[in-house]
Ligand SMILES: *[C@@H]1O[C@H](CO)[C@@H](O)[C@H](O)[C@H]1NC(C)=O
């Protein structure tokens with residue numbers, strides 16, 4: 001695997017790249033069955049969606065990036081890619097801080113006039129046996145001489161049912177995000193003097209919901225999950241956050257973000273992360289990081305169990321924690337189990353059932369056993385090898 005680092009560009013070079021980006025590549029829309037390539041950024045070549053110059057990397061069915069961009073992505077079901085371009089499964093049906101960064105605010109002459117503080121939260125939820133990206137929240141703060149402006153924007157939902165809202169003049173650090181910043185205009189905030197255009201729009205060709213601020217080198221793109229088409233949807237659902245390195249990112253809250261910051265800027269690689277969680281693998285370490293981060297579970301349609309996870313894992317000592325994750329993670333990771341557990345508990349919505357069983361499982365291993373009855377009743381109808389293993393490891397007679 002290759003990883004890209006932010007590099008310093010000369011002002012002239014970035015100006016050229018900036019103008020290419022304003023010139024908007026003529027939209028080429030192509031289909032690489034069953035997927036459609038990202039309009040204007042990729043095309044179908046030899047049955048593969050390949051990114052088009054000036055985009056030089058990325059998945060042409062999801063998002064393409066320029067040379068000077070770094071990105072974090074969460075794709076269904078869900079797979080998280082960090083700013084180090086490392087990927088892992090991330091079966092976490094709750095809310096988390098994806099990235100926090102301070103960028104230079106630049107005017108049309110590419111001169112720094114201030115700063116942009118940017119924070120992106122994302123949230124996942126369950127649908128059938130999958131954990132899908134359900135939406136994202138962007139908090140933006142612009143600061144320049146005698147000038148300050150804040151905006152918080154929320155975008156969430158599934159295909160055909162997407163809500164775009166937010167709160168004006170407020171930088172929401174943790175939650176809850178308001179929902180009244182509605183606007184049909186592309187630029188929901190404009191400041192001509194400082195070249196700030198906060199754009200929020202939908203690109204129907206690829207079903208992308210975008211929040212973009214060129215003057216800050218920031219772009220987030222969300223493709224909602226299609227509950228009807230499922231796997232067959234033409235565009236891969238998920239969330240992409242791209243950061244332009246020409247704006248000299250300062251990575252914030254590095255201990256808390258799930259889109260781990262670039263290692264050359266003091267962020268963690270997966271190997272580095274795992275040294276903080278001895279005995280856990282990458283998936284387990286990322287789950288533990290998310291659960292213990294204390295991120296407010298304020299997303300729309302949040303499962304109350306999202307807030308209960310931390311209490312459960314906090315009761316584990318180091319050895320118990322390793323055992324609990326080893327045996328309980330398949331409950332969140334195994335599509336068949338997620339679906340079965342949820343179907344067996346039809347009174348609960350989205351992630352409640354599967355998180356409830358995960359918590360029960362953690363309690364069993366960290367709180368002196370005693371959950372056999374519950375295990376067996378929830379699992380009764382799920383004929384799954386991972387489950388049988390779990391029941392026997394839990395010292396419960398099947
Ligand atoms: C990220 O990794 C993929 C392969 O896993 C590679 O194709 C791509 O070029 C890499 N991107 C960067 C920016 O290094």
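The values are calculated or read from the model by the stated rules, or taken from the named source; none is laboratory data. A quick note: this is a predicted structure, and the numbers were derived from the prediction, not measured. All Cβ positions, glycine included, derive from the backbone under ideal geometry; neighbour counts span all protein chains shown.
Collect the residues in segment 121-143 that are more than 13 Å from residue 166 (Cβ to Cβ) and buried (at least 23 other Cβ atoms within 10 Å of the Cβ), keeping them in residue-number order.
First pass over segment 121-143, keeping only residues more than 13 Å from residue 166 (Cβ to Cβ): 122-134, 141-143.
The answer is 122, 123, 124, 125, 126, 131, 132, 133, 134, 142.
Of (1) buried (at least 23 other Cβ atoms within 10 Å of the Cβ); (2) closer than 21 Å to residue 226 by Cβ; (3) more than 16 Å from the ligand (Cβ to nearest atom); (4) within 11 Å of the chain's Cα centre (by Cα), residue 73 satisfies all except one. Which?
Unmet for residue 73, out of (1) buried (at least 23 other Cβ atoms within 10 Å of the Cβ); (2) closer than 21 Å to residue 226 by Cβ; (3) more than 16 Å from the ligand (Cβ to nearest atom); (4) within 11 Å of the chain's Cα centre (by Cα): (3).
Quick check on my filter: what residues within segment 80-94 are within 11 Å of the ligand (Cβ to nearest atom), outside any strand (DSSP E or B) and crowded, with 20+ Cβ neighbours inside 10 Å?
Answer for segment 80-94, where residues must be within 11 Å of the ligand (Cβ to nearest atom), outside any strand (DSSP E or B) and crowded, with 20+ Cβ neighbours inside 10 Å: 82, 83, 84.
Looking at segment 180-200, which of its residues are touching a strand residue (DSSP E or B) at 6+ places or on another chain (Cβ under 8 Å) and over 19 Å from residue 116 (Cβ atoms)?
Passing the criteria: 180, 182, 183.
Could you grab me the full set of residues in segment 47-70 that are within 11 Å of the ligand (Cβ to nearest atom) and in contact with a helix residue (DSSP H, G or I) (Cβ under 9 Å, 6 or more places away or on another chain)?
Of everything in segment 47-70, those that are within 11 Å of the ligand (Cβ to nearest atom) and in contact with a helix residue (DSSP H, G or I) (Cβ under 9 Å, 6 or more places away or on another chain) turn out to be 66, 67, 68, 69, 70.
Could you list, in sequence order, all residues of segment 339-382 that are at pLDDT 75 or above and over 21 Å from residue 311 (Cα atoms)?
First, the residues of segment 339-382 that are at pLDDT 75 or above: 339-345, 350-373, 382.
Scanning segment 339-382 gives 339, 340, 341, 342, 343, 344, 345, 373, 382.
Name the residues in segment 31-41 that are outside any strand (DSSP E or B), crowded, with 21+ Cβ neighbours inside 10 Å and touching a residue at least 40 places away in the same chain (Cβ under 8 Å), would you?
Of all residues in segment 31-41, those outside any strand (DSSP E or B) come to 33-34, 37-41.
With the extra rule that they be crowded, with 21+ Cβ neighbours inside 10 Å, the set shrinks to 37-38, 41.
Selection gives 38 alone.
Hey, could you check segment 42-66 for residues that are without any contact (Cβ under 8 Å) to a residue 60 or more places away in the chain and in a loop (DSSP other than H, G, I, E, B) and say which is surrounded by the most Cβ atoms within 10 Å (Cβ to Cβ)?
Here the residue is 60.
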